[in-house]
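Q: One structure coming up, written as structure tokens, with questions to follow.
The values are calculated or read from the model by the stated rules, or taken from the named source; none is laboratory data. Note that the structure is a prediction, hence the values are computed from the model and not measured. Note that we place each Cβ from the backbone using ideal geometry, even for glycine, and neighbour counts take in every protein chain shown.
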Amino acid sequence: MARVRRTRNVENLSGLLDRIAAETSAPDGAGAKETVRVGDLLNAIGRRAYGPLLLAIGLFSISPATIVPGLTWASAVLTFVVAAQLALGLKRPWMPRRVLAIAVPRAPLDGAIRRARPWAARIDKIVRPRFVVLADPPWVNMAGLLAMAAAVVTIPLGFIPFAPLVPGLAIVLLGLGVTARDGLLLSYGAAAMVGAGWLVWREAPALAGFLAGLWPG
């Protein structure tokens, strides 16, 4: 008889890392998977909850896995899709099948999880419900708008090494704030988003010159 796996809601960063780590291992001790589908990860995390979804995408966007060409922009698109639905106040997020079918390499993701665990334990000690009014509508919808903006600025910043870490950090803070109903973290996420916008403005001339060089003549 098949076992039914019962899972608790993700409430903090350590819980999220535990869910992702469990999904990167093959069942019945068959060994680790070489790649992991986005859909499988989201199913493990809980696709009905916006906070854990944004948190997971944000962690992925700042992980070494994004050294694979195109994954930075893929994470930005996924962020935008989820955040737009949060901004609109939809009860549960929907994602295109093509996005869910994307396979990401397991090894760098697994390494990022191991390195993040000590930090996750420290962060979880200070994250708690506070200023919870900011985690309720309509303010939580504003968090969705900020995450959308972070996704948009990730596109041009993706041409600059390490620059996407800034909007990625904003998404992590926003996702963790929504997950833990921590309004203070949501405020920090908004501040990080302001920093990402400033970075785009500062690098705009260099980005324009770079993009112009891609179309000679």
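Q: Out of A135, A163, A103, I need the residue that is in contact (Cβ under 8 Å) with a residue 40 or more places away in the chain and closer than 15 Å to L54 by Cβ. Which one?
A: Values: A163 fails: closer than 15 Å to L54 by Cβ; A103 fails: closer than 15 Å to L54 by Cβ.
Sole residue among the options that is in contact (Cβ under 8 Å) with a residue 40 or more places away in the chain and closer than 15 Å to L54 by Cβ: A135.
Q: Which one is farthest from A65 (Cα to Cα) among residues in the stretch 106-129 that are surrounded by 15 or more Cβ atoms within 10 Å (Cβ to Cβ) and without any contact (Cβ under 8 Å) to a residue 60 or more places away in the chain?
A: A112
Q: Kindly list, by first and then second residue, each pair from a residue in the stretch 76-93 that is over 17 Å from L55 (Cβ atoms) to a residue that is not hydrophobic (A, V, I, L, M, F, W, C) and not in a loop (DSSP other than H, G, I, E, B), limited to pairs with Cβ atoms under 6 Å and residues at least 6 apart or on different chains.
A: Taking only residues 6 or more apart or on different chains, the pairs are G89/N141.
Q: If you scan the stretch 153-163, which residues turn out to be surrounded by fewer than 18 Cβ atoms within 10 Å (Cβ to Cβ) and at pLDDT 85 or above?
A: Residue satisfying the conditions is I155 alone.
Q: Another question, then. Here is a list of conditions, (1) over 13 Å from the mean Cα position of the chain (by Cα); (2) assigned to a helix (DSSP H, G or I); (3) touching a residue at least 60 places away in the same chain (Cβ under 8 Å), and R98 meets all of them except one; can you say which number that is?
A: (3)
Q: Suppose we filter the stretch 164-198 for residues that are touching an Asp or Glu at 6+ places or on another chain (Cβ under 7 Å) and either surrounded by fewer than 19 Cβ atoms within 10 Å (Cβ to Cβ) or small (G, A, S) (or both); how many remain?
A: 1
Each row is one residue, and each column tells you yes or no for (1) modelled with pLDDT under 80; (2) in contact with a Phe, Trp or Tyr (Cβ under 9 Å, 6 or more places away or on another chain); (3) closer than 19 Å to L185 by Cβ; (4) not in a strand (DSSP E or B).
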{"site": "L54", "(1), (2), (3), (4)": "no, no, yes, yes"}
{"site": "A65", "(1), (2), (3), (4)": "yes, no, no, yes"}
{"site": "A76", "(1), (2), (3), (4)": "no, no, no, yes"}
{"site": "A83", "(1), (2), (3), (4)": "no, yes, yes, yes"}
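Q: Separate question: Is it the case that the stretch 152-160 has a residue that's closer than 27 Å to E23 by Cα and touching a Leu at 6+ places or on another chain (Cβ under 8 Å)?
A: Checked against the condition, which is being closer than 27 Å to E23 by Cα and touching a Leu at 6+ places or on another chain (Cβ under 8 Å), the stretch 152-160 yields no hits at all.
Q: Return the only residue of R130, R114 being in contact with a helix residue (DSSP H, G or I) (Cβ under 7 Å, 6 or more places away or on another chain) and more than 18 Å from P52 (Cβ to Cβ).
A: On the way: R114 fails: in contact with a helix residue (DSSP H, G or I) (Cβ under 7 Å, 6 or more places away or on another chain).
Every option except R130 fails the conditions.
Q: Just the residues that are loosely packed, with under 12 Cβ neighbours inside 10 Å and at pLDDT below 85, please, taken from the stretch 85-100.
A: Applying the first criterion (loosely packed, with under 12 Cβ neighbours inside 10 Å) to the stretch 85-100 yields 88-89, 91-92, 94, 96-98.
The answer is K91, R92, W94, P96, R97, R98.
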